[in-house]
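Scroll down for the structure; my scribbles are underneath it.
The values are calculated or read from the model by the stated rules, or taken from the named source; none is laboratory data. Being a predicted model, the structure only gives us computed values, none of them experimental. Cβ placement follows ideal geometry from the backbone for every residue including glycine, while neighbour counts extend to all protein chains displayed.
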Amino acid sequence: QNSRFWRFILWFNQAVKKRYLTKEVGQLQEFLRDREISGSRSGDALIPIENARSLHRFKTTSLSTKRSVLQDEATRWSAMLVQITFRKIAMPQLLSWGEPFDEHIEKYYPGLARSYLLIVNESWSHQAVSGFAQSSLRKTTPTEDHDFVLSYNAKDEVLVGQLTSRNRLYGHVLLVDRNARIRWAANGRADAKGLEILLKCTDDLIKEDSQSEPQ
């Protein structure tokens with residue numbers, strides 16, 4: 001019986017590993033085919049309120065060691081850009097969205113909108129070293145930005161389902177309104193058209209917020 005049990009455990013581990021590797025290889029092949037890393041977008045305009053989904057609620061830890069919930073953070077801003085990375089390779093993609101967004105806000109809407117970086121650690125190995133990674137990141141991130149760099153240690157399929165792609169090799173961005181509704185989304189690297197759409201959607205969202213009562 002013991003022999004049968006261990007044969008089952010071995011078979012199960014191999015099956016799980018095969019499924020995991022198949023998924024990872026599939027994502028890598030998709031990523032490599034996208035030579036420009038252009039990814040995809042939810043559309044060319046804001047998602048109407050009646051069609052917008054609420055951002056999934058979950059707890060994170062910031063570089064300042066505070067517990068943060070993005071849904072609650074959204075209530076502070078007319079518009080919030082959530083940049084999500086599952087892999088280090090995605091960081092340059094996120095910078096292509098985040099830096100122009102921050103410059104746009106600083107120039108036209110100081111204090112009304114904010115970008116956040118969400119680092120998702122899904123595997124136990126990434127979770128095991130997340131504390132060390134946060135410590136290193138804390139040293140290279142300006143102190144005033146520590147509250148806006150968040151870590152999330154979980155494999156959360158609900159969150160992944162709210163993105164424009166399930167591929168973890170892409171960087172993902174969500175434009176969220178004050179009521180924590182996802183009003184626009186994209187993945188990959190920003191091109192001129194995508195960036196134009198993001199900034200226009202941000203303008204529209206801030207204008208919408210100024211004309212409406214909190215819900």
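Every listed requirement among (1) buried (at least 16 other Cβ atoms within 10 Å of the Cβ); (2) more than 12 Å from the chain's Cα centre (by Cα); (3) not charged (D, E, K, R) is met by L163 save one, (2).
Just to verify a result, which residue in segment 148-160, among those that are within 15 Å of V82 (Cβ to Cβ) and not charged (D, E, K, R), is surrounded by the most Cβ atoms within 10 Å (Cβ to Cβ)?
L150
The number of residues in segment 53-69 that are surrounded by 18 or more Cβ atoms within 10 Å (Cβ to Cβ) and over 20 Å from G131 (Cα atoms) comes to 1. Taking the conditions exactly as written (at pLDDT 60 or above and under 23 Å from A185 (Cα atoms)), does G26 satisfy them or not? Considered against the rule, which asks whether it is at pLDDT 60 or above and under 23 Å from A185 (Cα atoms), G26 comes out as no. Could you list, in sequence order, all residues of segment 76-94 that are surrounded by 16 or more Cβ atoms within 10 Å (Cβ to Cβ) and farther than 20 Å from R166 by Cβ? Across segment 76-94, the qualifying residues are W77, S78, A79, M80, L81.
Determine the pairs where a residue that is more than 21 Å from Y108 (Cα to Cα), located within segment 67-79, has a partner that is basic (K, R) with Cβ atoms under 6 Å apart, the partner being 6 or more residues away or on another chain. Listed by first residue and then by second, the contacts come to R67/K59; V69/K59; Q71/R57. Scanning segment 166-185 for residues that are surrounded by fewer than 24 Cβ atoms within 10 Å (Cβ to Cβ), under 12 Å from the mean Cα position of the chain (by Cα) and under 13 Å from L205 (Cα atoms) returns a single hit, I182.
Could you pull out the residue among E99, E73, E106 that is at pLDDT 95 or above, surrounded by 14 or more Cβ atoms within 10 Å (Cβ to Cβ) and in a helix (DSSP H, G or I)? Quick ask: steps written out before the conclusion?
Numbers: E99 fails: surrounded by 14 or more Cβ atoms within 10 Å (Cβ to Cβ); E106 fails: surrounded by 14 or more Cβ atoms within 10 Å (Cβ to Cβ).
Exactly one residue qualifies, and that residue is E73.
Those helices (runs of 4 or more DSSP H) of segment 117-215 in which at least 3 residues are at pLDDT 95 or above and either in contact with a helix residue (DSSP H, G or I) (Cβ under 9 Å, 6 or more places away or on another chain) or assigned by TED's automatic domain parsing to the domain that holds L95 (or both), considering only elements entirely within it, cover 157-161, 192-210.
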